[in-house]
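The values are calculated or read from the model by the stated rules, or taken from the named source; none is laboratory data. The shown structure was predicted, so the numbers you read here are calculated from the model rather than taken from an experiment. Positions of Cβ are generated from backbone atoms using ideal geometry, with glycine treated the same way; all protein chains shown enter the neighbour counts. Please note that ligands, DNA and RNA were not included when accessible areas were found on the heavy atoms of the full protein model with its side chains. Shrake-Rupley method; radii C 1.70, N 1.55, O 1.52, S 1.80 Å.
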Amino acid sequence: MSIPLSVLILEDRSADAALMLHELRRAGFDPAWQRVETDADYLAQLHADLDVILADYSLPQFDALRALRLLQERGLDIPFIIVSGTIGEELAVSAMKEGAADYLLKDRLARMGQVVAQALEQKQLREAKRQAEERYRAIFDNTVEGIFQITSNGRFITANRALARMLGYESPDALLTSLTDIERQLLIDPEHRAEFKRLLAEHGSVQNFETQICRKDGSAMWIALNARVVYGTSGTLLYYEGTVEAITVRKQAEEALRLKSEEVTVMSQQLWQAAKLATVGELAASIAHELNNPLATVSLRVESLLAQVPKHDPKRRALEVIDQEVERMGHLVANLLQFSRRNQPQISTVNVREEIIHTLDLIAHHLRNRRIRVVREFAPDVPMMHADRELLRQLFLNLLTNASDAMPQDGTLTVRAAAGVLESGAPGVVMEFIDTGVGIAPADLPKVLEPFFTTKPEGQGTGLGLSICRRIVQGHHGTFNIVSDVGQGTTVRIVLPITDRTNSAHLQGAEL
């Protein structure tokens, strides 16, 4: 079956054109042809549907090299074959350098079919290559992964749009022309650069190498890098090539998951600790209740003995000491019972000064064991206030316990109370609890009020104390502030309103 062939013949002799067509038919082609002799006719017949152009080297009004240049100016990829009876080898080679597909002497037209077939095959190969390059370019330009070629000293040879966008540039050209040598060297995190080069040197390639790159605006970005070394024929290193995947979102998700997992672990431990503390609290309340009866008996016996011993009897002093200590034990038991009770919120008139003193008495033994000196600075005019007594006791106990924990060896605990005003201008009571302990790190200060956050060793804190304190203060419409310097100590400042008719409603949510 003949192969259709669209042919444009540039020839001034019709007999020579007929011979060309004869050889094409003999080679199995079915030519549809046009013969022209001038440049005007040539341009009129020049179109992209042509399969091949057969041109005499020299015509009276035209020539093959000029025809070839006109073809190239049109941007058409059509095999251009020179057919001449006078062209020499030097001119033929020069014509092929200009872009001719081949040349053929008229006395050897028997090769016409072979030459045309080869020219058509070369055209098909060029077209296949062009399409492959277009597909590659489309992939190269539109893939979400960055693609690069880079020299051993960090200079980009090529980069695609995705990589340019990752690095904060508008286009690959902007990336290639804008980076300075120093910036190129900083693309890979310095901490990882040595490891990256070592892996490349040892293995010739690196897979999923996670590192950070520096973007144009100075921000860091996590990437997964795949790269390999490209060597020349002599074994010298030419460049690195590879792909870059943006994994910042994934790394953030992994970090969030890790933090959440740690938080769940810590919360589980702290909930167990809280449960144990609750059990201990109930046990302490039970023991305190049981101690009341023997203490009452001892107190009655001592009172009876005191009534029988004269005032100037040497034995009376010992009985008085016993009576004082029994009374002190009674106060401690009463305070312990009050703190362990879980009453409904109840607003009453509270003497803040007395409640702080009662709480200090409750933990006096704990403070003495740690050699903590307590400084009480109470103004003479500390006003009474409307508040939930039990919640304030819990507030003071938590704050004083935290302060003592911050001074494990020794220190000074200063407690202040005075009249003051809130930010709104309403009258209030200002309280400050100041320790000379280890202080709170600046990075931890914003987090100490979060539930279950603690800086204490595992098993020594639930992370709920300060969170509960803030909730109690907020329930009373007060303000709660912490100032701390590492190595200097911490100051907790609380301002509570003297009276607030809405306290009872808000304190419903502050019951703990």
So how much accessible area does Thr265 have, in Å² to the nearest 10, using a 1.4 Å probe?
70 Å²
Which order do the peptides 402-410, 428-436, 107-115, 120-128 come out in when sorted by mean C-beta neighbours inside 10 angstrom, highest first?
428-436, 402-410, 107-115, 120-128
Please list Glu170, Glu263 from largest to smallest accessible area, probe radius 1.4 Å, with all protein chains kept in place.
Glu170, Glu263
Rounded to the nearest 5, what is the percent of antiparallel bridges among the DSSP beta bridges in the chain?
70 percent
How would you classify the range 342-381 from its alpha-carbon gyration tensor, with a ≥ b ≥ c the square roots of the eigenvalues: rounded for a/c under 1.5, else prolate if a/b is greater than b/c, otherwise oblate?
oblate
Under the helix-only model (-39500 (n - 2.57) for each DSSP H run of 4 or more, divided by the residues of the chain), the mean residue ellipticity at 222 nm, to 500 deg cm²/dmol, is -15500 deg cm²/dmol
Helix 352-362 axis, angle to the chain major axis (alpha carbon atoms, nearest 10°)
90 degrees
Working with all protein chains in place, sort Glu282, Glu355 by solvent-accessible area computed with a 1.4 Å probe, largest first.
Glu282, Glu355
Report, in debye and to the nearest 20, how large the dipole of the range 48-162 comes out about its Cα centre when Lys and Arg carry +1 and Asp and Glu carry -1 on their Cβ.
300 debye
Only four residue types carry charge here, +1 at the Cβ of Lys and Arg and -1 at the Cβ of Asp and Glu. Report the dipole size of the range 102-247 about the Cα centre in Debye, rounded to the nearest 20.
640 debye
Taking the structure as given and computing Rg and Dmax of the Cα atoms in Å, which label from (i) 47.6, 161; (ii) 24.0, 79; (iii) 32.5, 112 fits?
(i)
Rounded to the nearest 10 degrees, what's the angle between the helix 248-308 long axis and the longest principal axis of the chain, both from Cα atoms, 0 to 90?
0 degrees
Averaged per residue, what accessible surface does the chain expose to a 1.4 Å probe, in Å²?
57 Å²
Keeping all protein chains in position, work out how much accessible area Ser484 exposes to a 1.4 Å probe, and write it in Å² to the nearest 10.
20 Å²
Accessible surface of the chain [probe 1.4 Å, protein heavy atoms]: carbon and sulfur percent:
53 percent
So for the range 1-83: antiparallel DSSP bridges make up what percent, rounded to the nearest 5?
5 percent
Given a 1.4 Å probe and the protein chains all in place, what does the accessible area of Ile287 round to, in Å² to the nearest 10?
90 Å²
Could you size up the charge dipole of the range 211-265 around its Cα centre, putting +1 on the beta carbon of Lys and Arg and -1 on that of Asp and Glu, and report it in debye to the nearest 20?
120 debye
Listed highest first by mean packing, meaning other Cβ atoms within 10 Å per residue, what order do 305-315, 23-33 come in?
23-33, 305-315
Nearest 10, in degrees from 0 to 90: the angle of helix 89-98 to the longest Cα principal axis of the chain is 30 degrees
Highest-first arrangement of 134-140, 162-168, where packing means the average Cβ count within 10 Å:
162-168, 134-140
DSSP bridge orientation in the range 192-239 - percent antiparallel, rounded to nearest 5:
100 percent
